[in-house]
Amino acid sequence: MSAEVLVLNSDYEPLNICNARRAVNMLLMGKVEVVHESSRRLHSTARTLALPSVVRLRCHIKRPRPQLKLSRRSILARDDYTCQYCGHKGNDMTVDHVIPKRMGGPSSWENLLCCCRKCNSKKGDKTVSQVGFTINSKPIKPRYVPFISYTKFLAGARDEVWRMYLPVFDHESRAEVS
């Protein structure tokens with residue numbers, strides 16, 4: 001039961017992603033109802049149960065609206081693990097300051113981007129124009145309400161069923177910079 005399940009509040013607002021075991025336990029305790037089932041089945045001696053893909057809480061949970069945290073992992077996920085200078089895609093990416101820290105560049109969504117090690121070494125503590133690089137996509141703060149971690153949100157957005165319940169976020173609509 002390693003599958004993941006999207007958990008919705010009673011008003012269909014996405015709250016969390018949990019594993020299938022937790023979702024089945026909540027279902028058997030009567031805390032949730034199944035909105036969508038996956039094709040996988042759970043067999044016991046007494047019955048067969050379809051594993052849920054999306055569940056909805058029966059009681060509404062009030063939560064304060066959290067802030068999207070700036071982290072290396074979130075920057076890499078925002079840029080889809082793609083170097084914003086050369087376009088190389090991989091898992092061994094670094095985070096680069098567009099305006100270097102020594103020049104007063106802040107650690108903010110608008111000044112950090114995903115960069116491969118080769119480009120990061122070449123750029124060093126210079127500006128983009130000093131090195132002759134161009135930025136493929138302007139670094140911006142995602143417009144996303146983070147009840148779910150940003151990386152899980154992007155992974156979940158690939159699931160066609162989950163996409164119906166996740167807030168609209170077009171990963172490709174970021175402004176192009178030349």
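Residues whose amide H comes within less than 5 Å of that of Arg40, counting only those at least five positions distant or on another chain, are Leu51 (H built at 1.01 Å from N in the peptide plane).
Here the 3J(HN,Hα) profile of segment 109-123, calculated from phi with Karplus coefficients 6.51, -1.76 and 1.60 at θ = phi - 60°, is 4, 7, 10, 10, 8, 6, 8, 6, 4, 4, 5, 5, 5, 5, 6 Hz, Gly and Pro shown as x.
What is the order of Cys59, Cys83, Cys18, fewest Cβ neighbours within 10 Å to most?
Cys59, Cys18, Cys83
Taken about its Cα centre, the chain carries a charge dipole of about 560 debye when Lys and Arg each add +1 at the Cβ and Asp and Glu each add -1 at the Cβ.
Once the trypsin sites (Lys or Arg not before Pro) in DSSP loops with at most 16 neighbouring Cβ atoms within 10 Å are cut out of the chain, the longest remaining piece is 70-125.
Computed log10 I(q)/I(0) for the chain at 0.11, 0.18, 0.19 Å⁻¹: -0.59, -1.08, -1.15, from the Debye equation with unit scatterers placed on every C-alpha and solvent omitted.
Helix-only mean residue ellipticity at 222 nm, the chain, DSSP H runs n ≥ 4 weighted -39,500 (n - 2.57), per residue, nearest 500. What is it?
Details: 5 runs with 34 residues, N = 178.
Result for the chain, helices only: -4500 deg cm²/dmol.
Quick one: if the Förster radius is 35 Å, what FRET efficiency do Val161 and Lys118 give, using the C-beta to C-beta distance and rounding to 0.05? Given R0 = 35 Å and the Cβ-Cβ separation, E is 0.35.
Take the Kirkwood radius over Cα pairs of segment 72-131, plug it into Stokes-Einstein at 37 °C and 0.692 mPa s, and you get 289 µm²/s for translational diffusion.
Taken together, the values in this text are just the output of simple stated rules run on the coordinates, not laboratory data. Just so we're clear, the structure is a prediction, and the values are computed from it rather than from any experiment. Cβ atoms come from the backbone with ideal geometry, glycine included; neighbour counts cover every protein chain shown.
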